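J.: Before we start, here is the structure in question, set down as structure tokens.
The values are calculated or read from the model by the stated rules, or taken from the named source; none is laboratory data. Source: prediction; values computed, not measured. Cβ coordinates were reconstructed from backbone atoms using ideal geometry, including for glycine residues, and neighbour counts include every protein chain displayed.
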Amino acid sequence: MLIKGLRQGLGGLIVIGDKLSRPKPMQRTADKQSLVEQQIEGLSLYQLPACPFCVKTRRAMHRLNLPVTLRSTQVGSPYRDELAQQGGKLTVPCLRIEEQGEVRWMYESNDIITYLDQRFGTQAA
């Protein structure tokens with residue numbers, strides 16, 4: 001009970017801290033942003049709102065101006081079962097990548113951020 005309360009309290013602080021200190025999003029022309037939004041249609045991030053590694057990943061997505069679909073894997077969520085069954089494990093963050101009819105599941109925040117930076121960062125523009 002005490003541990004759960006501490007976890008929820010710390011999680012709330014992490015979420016608030018994230019919202020107050022988010023980096024500025026990357027600026028693109030309207031045409032380029034529209035193209036990026038088409039390219040991310042096959043991406044979705046399975047995550048928990050207060051998970052520090054999920055926050056780190058969401059911050060990178062915000063910095064890159066990537067409105068990727070977020071899917072909460074909290075207890076009772078259908079996305080929790082989907083992640084376990086299709087992704088193979090209940091670990092977040094996990095980026096579901098669907099391209100040309102194939103689906104990949106990428107775990108580990110650093111791997112996800114590197115993938116997004118390489119695909120959508122300034123060097124990719």
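J.: Can you list the strands (runs of 3 or more DSSP E) found entirely within the stretch 1-115 that contain at least 2 residues being touching a Cys at 6+ places or on another chain (Cβ under 7 Å), surrounded by 15 or more Cβ atoms within 10 Å (Cβ to Cβ) and modelled with pLDDT under 95? It would help to see each step written out before you state the result.
T.: Details: elements: 43-47, 69-72, 94-99, 102-107.
Here the list is empty.
J.: While we're on this one: Of all the residues that make up the stretch 57-84, how many are hydrophobic (A, V, I, L, M, F, W, C) and in contact (Cβ under 8 Å) with a residue 40 or more places away in the chain? Don't jump to the end; show me each part of the working.
T.: Pass one, the stretch 57-84, residues hydrophobic (A, V, I, L, M, F, W, C): 60-61, 64, 66, 68, 70, 75, 83-84.
Filter again for in contact (Cβ under 8 Å) with a residue 40 or more places away in the chain, leaving 60-61, 64, 66.
Qualifying residue count, the stretch 57-84: 4.
J.: Go through the stretch 85-112 residue by residue and tally those that are closer than 19 Å to Q38 by Cα and either hydroxyl-bearing (S, T, Y) or in contact (Cβ under 8 Å) with a residue 40 or more places away in the chain (or both). Before the answer, list the steps.
T.: Of the stretch 85-112, the ones closer than 19 Å to Q38 by Cα are 95-104, 112.
Imposing the further condition that a residue be either hydroxyl-bearing (S, T, Y) or in contact (Cβ under 8 Å) with a residue 40 or more places away in the chain (or both) reduces the set to 95-99, 112.
Number satisfying all stated conditions: 6.
J.: State which residue pairs qualify: first residue over 15 Å from F53 (Cα atoms) and inside the stretch 1-29, second residue modelled with pLDDT under 70 and surrounded by fewer than 11 Cβ atoms within 10 Å (Cβ to Cβ) in any location, beta carbons under 8 Å apart, and separation of 6 or more residues or different chains.
T.: Correct list of pairs: R28/A125.
J.: Name every residue in the stretch 65-81 that is at positive phi and under 15 Å from the mean Cα position of the chain (by Cα), in order of residue number. Before the answer, list the steps.
T.: Narrowing the stretch 65-81 to residues at positive phi: 65, 76.
Selection gives N65 alone.
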